[in-house]
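Novice: Quick one: the structure is below, and I'll ask about it shortly.
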C-alpha cells in the first residue's frame, strides 16, 4: 500500500483536479502597437494566436479610478505564458478591451490555487 503525505495529497489535488485552466472558458485575441516601417506611425497588429481566459466584471471602484470614461471594466485571468503588456488590446466575443494592468502570479500558496501559474489583468472597454 502506498502511503501519501498531506503535501503529496495537496499537490495531486491541486495539479490534477483544481487547475486554474479549468476556469478558462472564453477565447481572446490580442493586438499590440507596432511601428509602420518607413514612417513615424504605429498601428495595432495581431499578436500570436488566440488564447483561453476567464473574465468577470470588476467591482464598481474601477470605473471611478479610470475617470468614468469606460463602458465596462473586467478582471481577466489567463495562462502565464500569454505575452500581455499594458496597452495591448484584447478582443473577447467581438468586443475590444484595453489592457490596463498585468500581474503575474507565479507562486500562490493557498489550498485552492497552489502552484497554478497565471496572469491576472484589468481590462476595460473605453467609451466610443
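Coordinate-derived values only; no laboratory data. If you're wondering where the values come from, they're calculated on a predicted model, not measured in any experiment. Cβ placement follows ideal geometry from the backbone for every residue including glycine, while neighbour counts extend to all protein chains displayed.
Novice: How far apart, in nanometres, would the label points at residue 59 and residue 26 be if each is projected 7 angstrom from Cα along the Cα-to-Cβ direction?
Specialist: 2.0
Novice: Can you compute the modelled spin-label distance between residue 71 and residue 86, with each label point 7 Å from Cα toward Cβ, in nm?
Specialist: Taking the simple label geometry, residue 71 and residue 86 are separated by 2.5 nm.
Novice: What is the order of 72, 103, fewest Cβ neighbours within 10 Å to most?
Specialist: Exposure proxy ranking, most exposed first: 103, 72.
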